[in-house]
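Scroll down for the structure; my scribbles are underneath it.
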Amino acid sequence: MLHNSIHSLIQRYGIISDQVEVNELTTLLTELQQTLQTIPDGVIVEFGCFAGTTSLYVRRLLNELENESEFHVYDSFTGLPDKTAQDLSPAGEQFKAGELSASKKEFITNFKKANLKLPIIHKGWFSDFKADDVPERISFAFLDGDYYQSIKDSLELVWPKLQPGATVIVDDYMNEALPGAQKAVDEWLKQHPAKLVTIHSLAIIHT
């Protein structure tokens, strides 16, 4: 599937949330497709799925490619946690604890409406998950935790489980309203060197 085909897929189904932009979703799916070409049987994980916008398209792309990779999503389903000092920004005052909340039921309903197979759902705060809660052989990880500690926690969980050549994408990198995401990524890469490319607000890490 080429870039234009991914764009057509997005146009066909639309986007159910204003938290995801078309250009970001297109980049995410393009990176996922490229990863599936090199690691066709890895596991896909998403930390921070909200109402399921990106999750729906991950499943649609897997269906288009007739790929049966295991797919896991992680979310509190109760909105954002409390901020830490690393997240403070005058541009992000609208982001408060409990904001961006979508229930697990809403997530499941959106999949049922789309007639798509559900991913494996893990409900809880990222800080509460243990290594055993995360599958082995991860080929692709999308981390959309918004805040410093959430990104740090999810990186700690997925990094030891990554296959060689895996891709990690972190949302809200260079987002003035959510500075913690970039701080967490930059600190992590000082200790875990990998190739970083930024497109739109996405930090794309190739291991």
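Read-outs throughout are calculated quantities, based only on the coordinates presented, and are distinct from any laboratory measurement. Please read these numbers as outputs of a predicted model, since none were measured by experiment. Here the Cβ positions follow ideal geometry from the backbone for every residue, glycine too, while neighbour counts run over all protein chains shown.
As a proxy for reagent exposure, 72, 200 were ordered by neighbouring Cβ count within 10 angstrom, fewest first; the result is 200, 72. With a simple spin-label model that places each label point 7 Å from the Cα along the Cα-to-Cβ direction, the separation between residue 207 and residue 65 comes to 1.7 nm. Based on DSSP H segments of at least four residues, each scored -39500 (n - 2.57), the chain has a per-residue ellipticity at 222 nm of -11000 deg cm²/dmol.
Only one item in (i) 44, 36, 33; (ii) 72, 38, 25; (iii) 44, 41, 31 matches Cα extents along the principal axes in Å derived from the coordinates shown, and that item is (i). If you plug the beta carbon distance of residue 84 and residue 176 into 1/(1 + (r/R0)^6) with R0 = 22 Å, you get a FRET efficiency near 0.80.
Under a 5 Å amide H cut-off, with hydrogens placed 1.01 Å from N, residue 166 pairs with 207 among residues at least 5 apart or on other chains.
Within segment 55-86, find all residues whose amide N lies under 17 Å from a label point positioned 7 Å from the Cα of residue 101 along Cα-to-beta-carbon. From segment 55-86, the list is 75-83. Close amide H partners of residue 175, meaning residues 5 or more places away or on another chain with modelled amide H under 5 Å apart, are 182. Modelled this way, with points 7 Å down the Cα-to-C-beta line, the labels at residue 22 and residue 121 are 3.0 nm from one another. Exposure proxy ranking for 54, 35, 78, based on other Cβ atoms within 10 angstrom of each Cβ and starting from the fewest, stands as 78, 35, 54. Pairs exceeding a 26 Å alpha-carbon distance, out of 104/130; 123/152; 105/130; 83/117: 83/117. Simple point charges give the picture: +1 on the Cβ of Lys and Arg, -1 on the Cβ of Asp and Glu, and for the chain a dipole about the Cα centre of about 420 debye. Counting only other residues whose beta carbon sits under 12 Å from that of residue 204, what net charge do I get with K and R as +1, D and E as -1? Taking every Cβ under 12 Å from that of residue 204, the sum is -2. When we measure straight from the Cα of residue 161, which aspartates and glutamates land under 12 angstrom away, once same-chain ones fewer than 8 places off are left out? Within the straight-line limit of under 12 Å, residue 161 reaches these aspartates and glutamates: 132, 133, 136.
In plain terms, the residue of 117, 104, 190 with the fewest other Cβ atoms within 10 Å comes first and the most crowded comes last, giving 190, 117, 104.
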